[in-house]
């Protein structure tokens, strides 16, 4: 594998709207300083930049959701999000369904379709009761 040039690495940063701050290049596994378009600075190896990694702070900010988004998704499901502030998609938040059950879940899990565990358990219980009854009724014909 051929060694990258400093110009190639600078071009990788420029394609992302950023720049390479480090002035010298040793190899693709040596830490270098980078700056994104937002002015965030960090250290990373050129290899990881070429693999698609970029500014972690910008990536984290993209993952943040507003409190309004939390309340909107809860309202779509007939419930509420019981928090006034939000830090990130991995923090457990308190939710309430339309039946008044409360539980803790991350925004990511809610966004991916999970909802009230009590209602889910109750609906599974109903299905496990209804299925045998329906089966017995259909075999009685």
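The values are calculated or read from the model by the stated rules, or taken from the named source; none is laboratory data. Note that the structure is predicted; figures quoted are calculated from it, not measured. All Cβ positions, glycine included, derive from the backbone under ideal geometry; neighbour counts span all protein chains shown.
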Q | Boolean, residue 86 is assigned by TED's automatic domain parsing to the domain that holds residue 101 and surrounded by 15 or more Cβ atoms within 10 Å (Cβ to Cβ) | A | yes
(Q) I'm told residue 77 meets every condition in (1) closer than 16 Å to residue 115 by Cα; (2) modelled with pLDDT under 90 except one. Can you identify the failing condition by its number? (A) (2)
Q) Does residue 104 satisfy being loosely packed, with under 14 Cβ neighbours inside 10 Å, in contact with a strand residue (DSSP E or B) (Cβ under 9 Å, 6 or more places away or on another chain) and not assigned by TED's automatic domain parsing to the domain that holds residue 37? A) yes
Q | Qualifying helices (runs of 4 or more DSSP H) (wholly inside region 1-70; at least 1 residues being at pLDDT 95 or above) | A | 6-15
Q) Can you tell me how many residues in region 75-94 are closer than 21 Å to residue 123 by Cα and in contact with a strand residue (DSSP E or B) (Cβ under 6 Å, 6 or more places away or on another chain)? A) 2
